[in-house]
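The values are calculated or read from the model by the stated rules, or taken from the named source; none is laboratory data. All figures in this text were calculated on a predicted structure; none of them were measured in a lab. Every residue, glycine among them, receives a Cβ derived from its backbone with ideal geometry; neighbour counts consider all protein chains shown. We work out accessible area using only protein heavy atoms, side chains counted, and drop any ligands, DNA or RNA first. Shrake-Rupley method; radii C 1.70, N 1.55, O 1.52, S 1.80 Å.
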Amino acid sequence: MSRELPHSVRIGDRRTSIRLDDEIWRALQEICAHERVTMSELCTRVDATRGQRSLVSALRVYAVLYFRRAAERSGIERGAADSGGARP
């Protein structure tokens, strides 16, 4: 079971603390590495486009959508993903 852990991030000029599941935090770190941005840059981008959502919710949605789009680009078919398998 995942735990929500506090993480300190910078959003623009301000520092804030967010509580995210460890899996989501690691996913965001992977996104940062792939996109070659810092966590602060990523959080600032998400914050600027989140609308009425909380920052934590927006970060979770961002991570899910990022990896969903990556899966679609790599050609994973819905049936393979639903059955727990993926095509090479």
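Only residues that are more than 11 Å from the chain's Cα centre (by Cα) and open to solvent by 40 Å² or more (accessible area, probe 1.4 Å) were counted across region 27-39, and they come to 5. Restricting attention to region 29-51 and to residues that are under 22 Å from E4 (Cα atoms) and assigned to a loop (DSSP other than H, G, I, E, B), the residue that is modelled with the lowest pLDDT turns out to be R50. Only residues that are open to solvent by 30 Å² or more (accessible area, probe 1.4 Å), aliphatic (A, V, I, L, M), farther than 17 Å from R15 by Cβ and out of contact with any Lys or Arg (no Cβ under 9 Å at 6 or more places or on another chain) were counted across region 43-64, and they come to 1. If you check I24 against the conditions, is it surrounded by 12 or more Cβ atoms within 10 Å (Cβ to Cβ) and at pLDDT below 95? Yes. Selection of region 56-88 for residues being small (G, A, S) and either in a helix (DSSP H, G or I) or at pLDDT 65 or above (or both) yields S57, A58, A63, A70, A71, S74, G75, G79, A80, A81.
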